[in-house]
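Worksheet for the structure shown next.
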Amino acid sequence: MDDNVAILKGLGLTMYEAQAYVTLTSLISSTASEVSEKSGIPRSKIYDVLKGLIEKNFIEVEDGRPLTYNVKSPVEVLSREKERIDGEIDDTITRLTYIYENGMSQVQAPIWRIYGVEKIIAQEVEIIKRSKSSVNMRIGFLFEGEGEALVKAFKRKRSLNVNILASPTCYINDEEVNIIKMFKDAGINIKKADIPFVKVLISDSKEMMHTYTKFSEDKRNVIPETAIGIWNKYEDVARNYDERFMNQLKKMKNKKKKERL
């Protein structure tokens, strides 16, 4: 199947409607017979197909004998459809997130183990997306691609109050990664701290994620296949960790003030 036809079918067009629209984008203006001939759509079906495209606002018809069908610009049509679909997806996310969060609150033991780097990073990004006011992190290491994913997620949630305490560097595939620079260059609030080889993400004092992994003996490279995440939705535990985080941050700020005096 032609990629363009497949995309148009995904937007709600039938196979014949998608084929007719793709054909008309090259013809610009044409009769039903010409569209049928060029697209391979049977003549017995072409008028119903073109009528469907008119109703869906993909083409226009011009009176005459025979009728002339004029294609609408793909930029106009697809931009309109993209906006519609984005709106529907946003509405669906809102509805399903509400159901999901209500369901999560009913779970008796809201602690889950997550295995695999990709799943751990995806869960961290998901937590950030759900956050409403604050995200606090301790970063002792990063997995490959994790820093970039976190930066991207934070940039999408500019309204969040983000605080990060991190080790200056870590090693990924024998390459030194400057953790502080990566986040600071992205305009994200990060401070250098003595953080052990562990990672903690706390969201809104309500949920948190601990991540652990083993390291190589030589350069202390992350060994990704040993990674495990502990996702915790006990609010009392998350709030306790958040308070300890903010106390540590406050002590660091007070120490800096004293050093300046």
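The values are calculated or read from the model by the stated rules, or taken from the named source; none is laboratory data. Remember, predicted model here, so these are calculated numbers, not experimental data. Because the Cβ atoms are built from the backbone with ideal geometry, glycine has one as well, and the counts that use them run over all protein chains shown.
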For Met246, are the conditions met, namely being out of contact with any Gly (no Cβ under 9 Å at 6 or more places or on another chain) and either at pLDDT 90 or above or among the hydrophobic types (A, V, I, L, M, F, W, C) (or both)?
yes
Of the residues Phe143, Phe197, which is surrounded by fewer than 16 Cβ atoms within 10 Å (Cβ to Cβ) and either touching a residue at least 40 places away in the same chain (Cβ under 8 Å) or basic (Lys, Arg) (or both)?
Phe197
Return only the number of the condition from (1) outside the structural domain of Asp236 (by TED's automatic domain parsing); (2) surrounded by 13 or more Cβ atoms within 10 Å (Cβ to Cβ) that Ile89 does not satisfy.
(2)
Picking from Lys45, Lys51, Lys56, Lys82, the residue that is surrounded by fewer than 17 Cβ atoms within 10 Å (Cβ to Cβ), closer than 30 Å to Glu126 by Cβ and basic (Lys, Arg) would be Lys82
Residue under question is Ile172, and the condition is that it be at pLDDT below 95, surrounded by 14 or more Cβ atoms within 10 Å (Cβ to Cβ) and in contact with an Asp or Glu (Cβ under 8 Å, 6 or more places away or on another chain); does it hold?
yes
Arg220 meets each of (1) touching a helix residue (DSSP H, G or I) at 6+ places or on another chain (Cβ under 8 Å); (2) of a type outside the set (Asp, Glu); (3) surrounded by fewer than 17 Cβ atoms within 10 Å (Cβ to Cβ); (4) at positive phi with one exception, condition (1)
When Glu144 is run through (1) modelled with pLDDT of 90 or more; (2) in a helix (DSSP H, G or I), the failure sits at (2)
With a cut-off of at least 1 residues that are touching a Pro at 6+ places or on another chain (Cβ under 9 Å), name the strands (runs of 3 or more DSSP E) lying wholly within the stretch 185-261.
190-192, 207-215, 222-232
Kindly provide the set of residues from the stretch 132-157 that are of a type in the set (Asp, Glu) and more than 14 Å from the chain's Cα centre (by Cα), ordered by number.
Glu144
Single match in Val177, Val162 (criterion: part of a strand (DSSP E or B), modelled with pLDDT of 95 or more and surrounded by 13 or more Cβ atoms within 10 Å (Cβ to Cβ)):
Val162
Is it the case, given these coordinates, that Lys38 is farther than 26 Å from Lys82 by Cβ and either touching a residue at least 40 places away in the same chain (Cβ under 8 Å) or not β-branched (Val, Ile, Thr) (or both)?
yes
Considering Gly64, Gly12, which residue is of a type outside the set (D, E, K, R), at positive phi and surrounded by 11 or more Cβ atoms within 10 Å (Cβ to Cβ)?
Gly12
